[in-house]
Amino acid sequence: MKSESRGNPARFAHISDLHIGRSAETNANAAGLCMALLESGIDYAIATGDITHRGTERELALFRETFAPLLEAGRLILVPGNHDCLGDDISGALMPGPRVQTTERPGVYVVRVNSTAPHNRSWLNGHGSLDDADLDAIDAALDATPTGSVVVIALHHHVLPMPDEHAVERLSSWLGFAFTSELARGRDLLTRVRGRCDLVLHGHRHIPRGARLSGSPRPMHVFNAGSSTELGRLRVFSHDGRGNLVDGSLWLDVPTPWEEVVEAFGAEASLPFRLAV
């Protein structure tokens, strides 16, 4: 990554695959994640999909309640994932409007990409989709990049092949099912944005990984956040406000277990968490 003297760098985090509503433990870990973001002083977080587990309005309401301090302060940048398309399909509530949008923060330009598709309404079809119109819209967004900005592309689905993480994924890959595969146009995306983008941030797969793509004066890194609620940690990036990332990426651990969340919010906090499973 580009590096200059530290000064007083600004910081943003990458979180993903919260799966709120999957279990009481997951919901508690999400609450701990929000507290860690608030207490660490990180400026904002980019959340790359699968915010909810079953895509229900109930889970969306729990997400909004849990992350209210960040949402109300405009400190969460969201894109939907395939799980958000299930149930009531709350993907449009997470990212209403066009499939490609931009969000600006001081020194950072985020191109948000909705990589979900109608087939994600089914549990068996979790793979993503990008088409020519999406890629053209990303091109146009990058053409409008403000001078002196770290450029981030945020989407849910992985753009490079990744190892299967468990037996079901290995079986599905062996059978040729698409839902474990990377985006079919993922390499096209990387080819188009190379030299104009610093970070490609995604989720979907629950084990974090990273790759550095060299070959241009502007190196580009691809990071998978993994599942932030399963890992109990999140990746943090620092920048100098002039378009330079500093110090590489760092991890922030979230040491708040379920019992501490209940203690912090009172015994009655266990009720809504347990109802959300």
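The values are calculated or read from the model by the stated rules, or taken from the named source; none is laboratory data. Bear in mind that the values here come from a model prediction, so they are computed numbers and not experimental data. Cβ coordinates were reconstructed from backbone atoms using ideal geometry, including for glycine residues, and neighbour counts include every protein chain displayed. Only protein heavy atoms, including side chains, enter the accessible area calculation; ligands, DNA and RNA are left aside. Shrake-Rupley method; radii C 1.70, N 1.55, O 1.52, S 1.80 Å.
Using the heavy atoms of the protein chains alone and a 1.4 angstrom probe, what is the accessible area of segment 1-133 per residue in square angstrom?
In whole numbers, segment 1-133 has 39 Å² accessible per residue.
Place a +1 charge on the Cβ of each Lys and Arg in segment 20-80 and a -1 charge on the Cβ of each Asp and Glu, then give the dipole magnitude about the Cα centre in debye, rounded to the nearest 20.
Here the size comes out at about 140 debye.
Measuring from centroid to centroid over Cα atoms, what is the spacing of segment 184-208 and segment 210-241 in Å?
Going from one Cα centre to the other spans 10 Å.
Compute, for segment 76-128, the length of the dipole vector about the Cα centre, with Cβ point charges of +1 (Lys, Arg) and -1 (Asp, Glu) only. Units Debye, rounded to 20.
Roughly 140 debye, rounded to the nearest 20.
Under a Cβ-Cβ cut-off of 13 Å, what is the net charge of the residues other than residue 67 that fall near it, where Lys and Arg count +1 and Asp and Glu count -1?
Here the charged neighbours net out to -1.
Would you work out the charge dipole size for segment 33-154 about its Cα centre, treating the Cβ of every Lys and Arg as +1 and the Cβ of every Asp and Glu as -1, and quote it to the nearest 20 debye?
Here segment 33-154 has a charge dipole of around 240 debye.
May I ask for the distance between the Cα centers of segment 123-160 and segment 1-80, given as a whole number of Å?
For segment 123-160 versus segment 1-80, the Cα centre distance is 20 Å.
Can you give me the relative contact order of segment 91-162 as a percent, contacts being Cα pairs under 8 Å and 6 or more apart?
About 38 percent, as a whole number.
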